[in-house]
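Note sheet for the following structure.
The values are calculated or read from the model by the stated rules, or taken from the named source; none is laboratory data. Keep in mind that what you see is a predicted model, and the values were worked out from it rather than measured. Glycine gets a Cβ as well: all are built from the backbone with ideal geometry, and neighbour counts include every protein chain shown.
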Amino acid sequence: MFRELKEDVAYDLSELGELAECVRSSAEELRHRILAWLRAVYEASPAEAGVALPEVGDGWVRFSGFAGRVECPGGVVEVVPKVGWDGVL
């Protein structure tokens, strides 16, 4: 069952089931890949390079500096940057 998520609304990730786990693991994988790329190409930390990384917390995910689509078995989550606000989910 697909649930449409509205922007600017906080969701409890535990209510979203598999979709939440897919988004969480996608953010962690993106974070890992960006860190590896920064180390390999620039030999720098994110702070040194001025790059924001996706963040995963207890019940929340924030895609800082990223716009795109996260394709999951339960649906597609579009990450769209907003002026002054870049959090999703």
Residue selected from the stretch 16-57 under the condition among the basic types (Lys, Arg) and either in contact (Cβ under 8 Å) with a residue 12 or more places away in the chain or in contact with a helix residue (DSSP H, G or I) (Cβ under 9 Å, 6 or more places away or on another chain) (or both), by the criterion nearest to Gly75 (Cα to Cα): Arg24
Residue check, Ser64 out of contact with any Ser or Thr (no Cβ under 9 Å at 6 or more places or on another chain), modelled with pLDDT under 80 and among the polar types (S, T, N, Q): yes
The stretch 25-64 - residue that is in a helix (DSSP H, G or I) and in contact with an Asp or Glu (Cβ under 9 Å, 6 or more places away or on another chain) and, of those, farthest from Glu15 (Cα to Cα): Tyr42
